[in-house]
Amino acid sequence: QVQLVESGGGYVQPGESLRLSCAASGDMSSINAMGWFRQAPGKQRELVAAITSEGSTIFAGSVKGRFSISRNTTSHTVYLAMNTLQPEDAAVYYCNSGAAISGNYYPGDFWGMGTQVTVSS
């Protein structure tokens with residue numbers, strides 16, 4: 001079992017920044033990668049970014065150049081730094097533990113509860 005707790009969401013105006021955190025605990029021996037997903041109302045959940053245990057990263061095309069993902073292996077925390085936020089970035093952001101194979105991220109069974117990001121003027 002892996003427990004994931006997201007934090008850092010909030011309300012920002014277009015062009016502003018936020019940094020999300022995902023604290024992981026439990027049995028992380030099988031975790032190969034961690035990912036951030038988002039889901040806006042009426043839309044499917046989509047991968048935003050992922051980072052492997054080696055530090056390789058994967059980004060959705062819509063956030064490349066604006067978002068970055070990093071991790072602190074000591075505290076088992078993964079961060080998503082989001083810059084130049086736009087209204088289309090508004091969603092509930094979820095953390096997931098999964099696997100990355102050949103540049104693709106495969107979500108695992110464990111998800112956090114999510115953190116809301118609202119972008120509006």
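General observations
- Three-way shape label, the stretch 1-61, alpha-carbon gyration tensor, a/c 1.5: prolate
- Kirkwood-based Rg to Rh ratio, the chain, C-alpha trace: 0.94
- Peptide packing: for 100-110, 68-78, 82-92, the average count of neighbouring Cβ atoms within 10 Å per residue gives the ranking 82-92, 68-78, 100-110, highest mean first.
- Debye intensity ratio I(q)/I(0), log10, the stretch 65-116, q values 0.24 Å⁻¹ (C-alpha model): -1.23
- The residues of the chain expose on average 52 square angstrom of accessible surface per residue, using a 1.4 Å probe on protein heavy atoms.
- If the segment from residue 88 to residue 64 were pulled out straight at 0.36 nm per residue, it would be longer than the present Cα-Cα gap by 7.2 nm.
- Net charge in the neighbourhood of residue 117 (other residues with Cβ under 12 Å of its Cβ; Lys, Arg +1, Asp, Glu -1) is -2.
- Normalised contact order of the chain, rounded percent, pairs of Cα under 8 Å and 6 or more residues apart: 36
- Centroid-to-centroid, using Cα positions, the stretch 57-86 and the stretch 4-45 are 9 Å apart.
The values are calculated or read from the model by the stated rules, or taken from the named source; none is laboratory data. Predicted model only: the values in this text are computed from it and were never measured. When we count neighbours, we look across all protein chains shown, and the Cβ atoms used for this are built from the backbone with ideal geometry, even at glycine. Note: areas computed on protein heavy atoms with side chains; ligands, DNA, RNA excluded. Shrake-Rupley method; radii C 1.70, N 1.55, O 1.52, S 1.80 Å.
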